Structure formats: structure tokens, C-alpha cells
1. When you check Phe195 against the structure, is it out of contact with any His (no Cβ under 9 Å at 6 or more places or on another chain), at pLDDT 90 or above and within 19 Å of Arg130 (Cβ to Cβ), yes or no?
2. Please go through the stretch 242-259 and give me each residue that is closer than 15 Å to Val84 by Cβ, in contact with a strand residue (DSSP E or B) (Cβ under 8 Å, 6 or more places away or on another chain) and not in a loop (DSSP other than H, G, I, E, B), ordered by number.
3. Out of all the residues in the stretch 315-328, is one or more buried (at least 16 other Cβ atoms within 10 Å of the Cβ), more than 16 Å from Ser398 (Cβ to Cβ) and of a type in the set (Val, Ile, Thr)?
4. Where in the stretch 111-217 are there helices (runs of 4 or more DSSP H), lying fully within it, with 1 or more residues that are closer than 26 Å to Lys232 by Cα and open to solvent by less than 40 Å² (accessible area, probe 1.4 Å)?
5. Among the residues of the stretch 218-241 satisfying the criterion of being in a loop (DSSP other than H, G, I, E, B) and over 26 Å from Ser154 (Cβ atoms), which is most open to solvent (accessible area, probe 1.4 Å)?
6. Counting residues that are farther than 30 Å from Glu123 by Cβ, of a type in the set (A, V, I, L, M, F, W, C) and at pLDDT below 85, which helices (runs of 4 or more DSSP H) fully inside the stretch 1-106 reach at least 2?
7. Please identify the pairs in which a residue from the stretch 98-110 that is closer than 15 Å to Val84 by Cα has its Cβ atom under 6 Å from the Cβ atom of a residue that is not in a strand (DSSP E or B), counting only partners at least 6 apart or on another chain.
Amino acid sequence: MTTCAFAPFEWLVALRYLRARRKEGFISVIAGFSFFGIMLGVATLIIVMAVMNGFRQELFDKMLGLNGHVVVHSLGQFTDYGAVAKRVAAVEDVKHALPLVEGQVLVSTPLGSTGALVRGLREKDLKSLRSISRHVHFGTLDGFDKNPGVAIGSRMANALNVKVGDSVSILTPRGASTPLGTAPRIKRYPVVAIFEIGMSEYDSSIMFMPLKEAQLYFNQPDSVTVLEVVLKSPDEVADLAPKIVKAGGKTIYVTDWRQRNATFFSALQVERNVMFLILTLIVLVAALNIISGLKMLVKDKARDIAILRTMGATRGAVMRVFLIAGATIGVTGTLAGLALGVLVCLNIDHIRWFISWLTDTELFPAELYYLSELPAEMNPNETISVVVMALSLSVLASVYPAWRASRLDPVEALRYE
């Protein structure tokens, strides 16, 4: 009897044991549960991690696509913004330095009203924000500086029931100064463009206005609120921030996207790690099922093991037979889970729409999650780590029952049989 590692007869016996006969049906059921447990565990891990990666990346792209990676503030009135913007834009790896006027307003029409954040930008600067210029669904940004109009998000347009060409009234408390105090300012503007970023919070609350018009409206004709700096790579902000401060001069200070969104992205990372640990338990439970199934199989096959030993099979050969049997369940379950997870990730939004239609419920409300569609982005390294972890647990779960089978005394097994 050959004793080489994983000999053909060992594969033959192991696979024969996995094909249940009628009297071994219960063992087959346990093996089936182990297989489906590992498959669902691996698939769930891959799907959840991909969705959380996609969710984080979508928020990252949309938040930083609308807001600068570095925000330059002035210690006083930001009147020299033109010169500072030129110096900052000349820094290596800086794409744009955008002068910006911001202010909170109340937007109203005869059919409704809502709060909004007005952002005053030049036409060329607004067009450089690809998350806006590429997603203008109605109207156009051409001639934005020349026309005293506004660009609003699709959700705001729906809330106010307006379309391109309609006018909206904008009210701000930052109006003209009078002997009785600051008087609120109200003015009507036509809607020249309607955009949809895909992040509901921005689509419902952001309004763009030409920079010059915003300066006049908010009563700061010679200054801006901040400079927003867009970098070629957001990850280089730690290296570039000191260079931007040096180029801008002593009257400025900066904040970056990490400081402004630190709590948000840290919470996402913690949630992602916790979800990985929790879902790993599904694979672990399925691996424990392999142990119980193999132990029952060893007990049921005690007579067969004894006969194999008397025919010349070594302890190592018996151990490898049951190791192959357990590992086969784990490997096939892991590969099936990988295929299922990839298939679901590639069609995640179609599946969401189908389930929503089938149950007549909204599974992914944009108002709660800020996104208009369910993203899924698989990380190759992460997916490989899930597969390796599942395979390792499956093989490790098979070692103890296989070792117990190899220690079975053939004389005692045949006597008590």
C-alpha cells in the first residue's frame, strides 16, 4: 500500500466517504450544512466588505469632489485672495486654488422653501469641479459669470418645484447695515442649471452663484471667505500643507480634509473592522460544523478504518483521508462563496432594485445613506485574505478529527464492531 502524501487511493476513499449512502444521510446533512455555512460566510464577508469599501470611496469622492482638499483661511479680511491664489496654485502638485464666498440662506418659491448653503465661485472654477460640471442634468454653466443666476441640486429643485428658467427668492440676514442694525436681504435669481451629484445631502442643500454676485449679495465686495485648494492626490495633503502655508504668507492658516472629516472616516473604519470580525464568526461556526461532521464520520467508519489499517494503510494515510474529506468541504465551500460574492458584487444595485420591487420597500434610502445607488468595490487583497482565512479555518478544523481517526486501534475497532 503506497504511503506517499495524498496518494490516489486516499483521494478515492475520502471522496467515497463524502458520497453519502442512505444509512449515512445524517452525516451528509451535517457536511452539507458545513458547505453552505462556509459558502454563505465567505460570500457575506466579500459582499459586506465590498459594499463598505464602495460606500467609503463614494463618500470620499463626492465630499472631496465638492470641497477642496485644503482650505486656506485668512487671519483677517481675505482681500488679497487673488495674489494668494496665484502663489498657492504655483505649488507643485496643486491643481486649483479656488476663491470662494459662502453663506447660509433661505430659498423660497410660492410652492415651498428650504435652507441652503450658497457657494460663490467663478465659472472656470466651478467647471473645474468635475463632480458638478459632469453632472449638470438641465441647463448649462456656460456664461455663468455673466448671468446673475444660480445652479441648484436636483433634490432642491424638486423640493421647491422649480425648473431651469424659474426664479427663486434668496433671503440672508447678512444684508445692508442701517442705524437700526443689519437688515435682511432678499433677492430673486433665475435657475440656470440643475445638477445631481448623487449625494442627497449636497443635492438638497448646495447652491452655486457667480463669485462677483455672491460678494455683492453677502456684502463683501472686495474679499472672499476662503480659498479651496484641490490637490492632484488627496493622500499627499500632509506633505503639501506646509508648502501651501509658506506660499500663502504669514496671514493665512490652513485646514485639510482629514481634520474636517476625521471623526466621520474614523467611524467608518471602526465599523468596517468590527463587521469583519463579526462576519468571520459565520465562517468559524461553519468550520466547527466540519469538526462535528468528521467526528461522526470517523465513528461511523471505525470498522472501515480498521480494515484499511490491517491491509497496510499507515496512520498517516488514514489521517490524510479524513483531512482530504474535511478540506474538500472547506475548499469547495470557499470557492463557491467566492463565486457567489463576486457575482452579487457585480450586480449589487440590480439585486437591490429587485428586492425593493419584490418587497415594496426602499432598502437603501438616499436620505439616510446620502447616496443615490448602492456601491460595491472589491479590494483584491481583502478578498484574497478572506479566501485564505476560510481555507485555513477549514483545514485546521479537519486536523483534529483526522488525527483521532489515525489513532484508532484496528484490533479494538474490529472487536467491538
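1. So Phe195 does not fit the description; no.
2. Filtering the stretch 242-259 for residues closer than 15 Å to Val84 by Cβ gives 243-254.
Those still in the list that are in contact with a strand residue (DSSP E or B) (Cβ under 8 Å, 6 or more places away or on another chain) too: 244-245, 248, 251-254.
Once the filter is applied, which keeps residues that are closer than 15 Å to Val84 by Cβ, in contact with a strand residue (DSSP E or B) (Cβ under 8 Å, 6 or more places away or on another chain) and not in a loop (DSSP other than H, G, I, E, B), the stretch 242-259 yields Ile244, Val245, Gly248, Ile252, Tyr253, Val254.
3. No, that holds for no residue.
4. By residue number, 123-128, 130-133, 200-203, 211-217.
5. As a first pass, look at the stretch 218-241 and keep what is in a loop (DSSP other than H, G, I, E, B): 218-223, 225, 232-233.
Adding the requirement that they be over 26 Å from Ser154 (Cβ atoms) leaves 219-223, 232-233.
Numbers: Asn219: 85, Gln220: 29, Pro221: 68, Asp222: 109, Ser223: 5, Lys232: 135, Ser233: 33 Å².
Here the residue is Lys232.
6. Passing ranges, in order: 8-18, 25-66.
7. Leu98/Asp125; Pro99/Tyr81; Pro99/Ala85; Leu100/Thr225
The values are calculated or read from the model by the stated rules, or taken from the named source; none is laboratory data. Everything numeric here is computed off the predicted structure, so don't read it as measured data. Every residue, glycine among them, receives a Cβ derived from its backbone with ideal geometry; neighbour counts consider all protein chains shown. SASA here: full protein model, heavy atoms, side chains in, ligands and nucleic acids out. Shrake-Rupley method; radii C 1.70, N 1.55, O 1.52, S 1.80 Å.
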